[in-house]
Amino acid sequence: MPDFEEIYRSYFADVYRYALALSRDAHTAEEVTQETFVRALTAIDSFRGECQVRVWLCQIARNQYLSLCRERKKFSAPPEETGDGGIEEGFADRETARHLQVLLHSLPEPYKEVFSLRTFGELPFTQIGELFGKTESWARVTYFRARQKLKEALEK
C-alpha cells in the first residue's frame, strides 16, 4: 500500500473532478474532496485492496456527497451529458443544454449516476461497475440505456 501522501497527490484531481461532477458546485466539490481524504486517512489501514484505490476514494466521495446533501436537505442531481458524440453536440446551444439538464435530472437511478460517472467523472466502465458492486458489462449497458433515454426524450 503506498503512503497516504502519495495517494493524495495521485488521486486528488480525480476525486475533485468526480465530486464536481456529482455536485456541479466548486465549493461543494472542494468540501467533499477534503472530507474524502480525511476519511480515507483515518480508514487507510482498513483498505483491503479489493478494488483500486481510485474506486475506493470515489466510493468515499460519493458517500460524503450524499451525506452532505442529507445534511443540507437539498439533493443536487448530477449534471447533464458531455460524453462521446451524439447529443453532446447540442451543448453549444444554451437552451438545449438546459433542456438536457432537466432530462438528466429526470432519469431514474442508476442511469443518472452511471451516466454522470462516465461523462463527468471520466471513469472507465470497469470502475463504475466496481462502485456499484456490478460488472463492467452492467455499467456499459446502463450507460447505453441512459444515453438512449436522453436521446429519446430530446427528440420529443
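The values are calculated or read from the model by the stated rules, or taken from the named source; none is laboratory data. Quick caveat: nothing in here was measured; it's all calculated off a predicted structure. Note that we place each Cβ from the backbone using ideal geometry, even for glycine, and neighbour counts take in every protein chain shown.
Taking interchain pairs and intrachain pairs at least six residues apart, which have beta carbon atoms under 6 angstrom, with the first residue in region 116-129 and closer than 15 Å to Tyr16 by Cα and the second among the β-branched types (Val, Ile, Thr) and not in a loop (DSSP other than H, G, I, E, B)?
Leu117/Ile128
Select, from Ala19, Ala40, the only residue that is modelled with pLDDT of 85 or more, outside any loop (DSSP other than H, G, I, E, B), under 14 Å from Leu117 (Cα atoms) and among the small types (Gly, Ala, Ser).
Numbers: Ala40 fails: under 14 Å from Leu117 (Cα atoms).
Checking each option against the conditions leaves just Ala19.
Where residues in region 121-156 are aromatic (Phe, Trp, Tyr) and within 25 Å of Glu50 (Cβ to Cβ), which of them is surrounded by the most Cβ atoms within 10 Å (Cβ to Cβ)? Can you show your working first?
Initially, region 121-156 is screened for residues aromatic (Phe, Trp, Tyr), giving 125, 132, 138, 143-144.
When the remaining residues are screened for being within 25 Å of Glu50 (Cβ to Cβ), the result is 125, 132, 138, 143.
Values: Phe125: 19, Phe132: 15, Trp138: 16, Tyr143: 21.
Per the stated criteria, the residue is Tyr143.
Could you tell me which residue of region 24-55 is surrounded by the most Cβ atoms within 10 Å (Cβ to Cβ), considering only residues that are basic (Lys, Arg) and under 24 Å from Phe125 (Cβ atoms)? Don't jump to the end; show me each part of the working.
Residues of region 24-55 that are basic (Lys, Arg), as a first pass: 24, 39, 48, 54.
With under 24 Å from Phe125 (Cβ atoms) added as a condition, the list becomes 24, 48, 54.
Details: Arg24: 16, Arg48: 6, Arg54: 18.
Among those that are basic (Lys, Arg) and under 24 Å from Phe125 (Cβ atoms), it is Arg54.
Between a residue in region 4-23 that is surrounded by 13 or more Cβ atoms within 10 Å (Cβ to Cβ) and any residue that is among the acidic types (Asp, Glu) and not in a helix (DSSP H, G or I), which pairs come within a Cβ distance under 7 Å, given they are 6 or more apart or on different chains?
Once the first residue is surrounded by 13 or more Cβ atoms within 10 Å (Cβ to Cβ) and sits in region 4-23, its partners that are among the acidic types (Asp, Glu) and not in a helix (DSSP H, G or I) give Arg17/Glu122.
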